[in-house]
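The values are calculated or read from the model by the stated rules, or taken from the named source; none is laboratory data. The structure displayed is predicted, hence computed values, not measured ones. Methodologically, a virtual Cβ is constructed for each residue, glycine included, from the backbone with ideal geometry; neighbour enumeration extends over all protein chains shown. Surface areas here come from the heavy atoms of the whole protein model, side chains and all, with no ligands, DNA or RNA. Shrake-Rupley method; radii C 1.70, N 1.55, O 1.52, S 1.80 Å.
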Amino acid sequence: MKLQARLLLSYLLLIGVTLGVIVVILLFVLETQPAPPLAAYRQLIGNLQVGLRGLDLDIAGHDEGESEAHLPVEWLQSLASSTGVRVLAFDLSGNPRVRFDSNGILAPESRLELRFDADLERALPGPGRAPRDVVAGSFADPDGSTWLFIGLPTGRSRQARQAVVLASPGTPQTLGRALTEYGSALMAPLVQAALAGALAAIVLSLAVSRTIAGPLQQIAGAARAIARGEHEQRVSVNGPPEMQDVATAFNQMSSEVQATQQAQKDFLVNVSHDLRTPLTSIQGYSQAIIDGAAQDAVSAARVVHEEAGRLNRMVTGISDLARLQDPRLTPALDALDVGGIIDGVVKRLAVVADEQQVTLEQHCDGLPTLRGDGDRLAQVLTNLLDNAIRFTPAGGEVRVSARRHDRGVAIRVQDNGAGIPSEDLPRIFERFFQVDKTRGPRRGSGLGLAIAREIVQAHGGQIHAHSEGPGKGSTFTVWLPLAGPAATSNGEGVA
């Protein structure tokens, strides 16, 4: 199943579970919470309207000052019979007293505590033909049962009057029962609302799932294109931050893959070119010796020997580079005297410098002890100094210096020789890359700096090259940590 479909189903399941929980909680609340008493009051108002239709409530005919006018018992019994509910008559002057109770529970002249609901009194309409003050509230029988009542005063004075009252049991109707009574009327709107909510949820789920799955599908398509050899693939960086991180990482990976593929192509081209030249020389001079066409057989044999040595060094360099790039191999960690290593390399190359008429100087006092492979680090220094001497014209200078720097040692090899063009500096440490392929006898294999970089990185260090341009010399700086390969550093400020 596709990711987008999984996301859609998960969203729909989440929405369904959420709605189910809401429905369960709602049903629980509906069955346990009482309904507002307004509906019961309105029902009593309706009963009172039916019972009083065509009657005059002022039948006692008393004036405002009259306080002992009584409603006829026959009339009250008739009202109870016609409405089917409990009818009472209260004397509202002073402490309420019961005048009549159709159920016979409350004795005449008994005191009664009424709880009036003033808010409901203002909200309920008068049931008669003329506006009247409605009295509403609740009272308790001697057995503790609660009753709701609604009634109308029979006099013109609220301070001295009687009220005819209809009462119903105060056991509140639950919201669930109320919904059951009106379920048929509410069912259609509820179904319509549910369908509209489900449709909106599906649309939103599709939009969200597409937002997440869309970039992933784009990345998957680009990955398949890279597998087919289309290494220039890139994806747009959009969507949530996490998806942007994935897209950025993919673009970086694609760039590195493209650079690696290009490096492999350059490697094959360089290897074939660097192997073809010595092989052609060997084949030509050896054939001349065999045919007897060489005027100086010794010179021809010397060329063959030199080119064979060059091939041997190239093969050795390739083998060394392959071993150094094996992540399973780690350099030997011994305590190293960096100053002693530099001094030894300088002494070995002093003869070469004298032959080239190049001044070779060193400055490396008070250096700390490092941990690493002394032979490999000597190989790095030999390569850097040899290159500096070979590409520095007669009368030039080559200086090697070392100093403590950033919890390590920085070794600098500086010359005032041929220099390096700025466009070649980023590629100077690539395998088989050569700044000038027409340097004749001074031309190397193009592997020395690549090997030097691998050795330095294996020791946890960094190597940098700097040049102002052709004819302005160059500077190579190696930074090595004191603790060896386990240490890490950004090497800032070394170059």
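Accessible area ranking (1.4 Å probe, heavy atoms, ligands and nucleic acids excluded), largest first, for L26, L268, L447, L38: L268, L26, L38, L447. When W147, W479 are compared by accessible surface with a 1.4 Å probe, the order from highest to lowest is W147, W479. Legend: residues R86, R6, sorted from most to least accessible area (1.4 Å probe; ligands, DNA and RNA excluded), read R6, R86. In this view, the solvent-accessible surface of T260, computed with a 1.4 Å probe and all protein chains in place, comes to about 70 Å².
When peptides 225-233, 376-384 are sorted by average Cβ neighbour count within 10 Å, with the highest value leading, the order is 376-384, 225-233. Couplings 3J(HN,Hα) for segment 222-230, derived from phi with the Karplus relation 6.51 cos²θ - 1.76 cosθ + 1.60 (θ = phi - 60°), are 5, 5, 5, 5, 5, 4, 7, x, 8 Hz, where x marks Gly and Pro.
Computed from phi, the 3J(HN,Hα) profile of segment 403-409 under the Karplus parametrisation 6.51, -1.76, 1.60 (θ = phi - 60°) reads 7, 6, 7, 6, 6, x, 10 Hz, with x in place of Gly and Pro.
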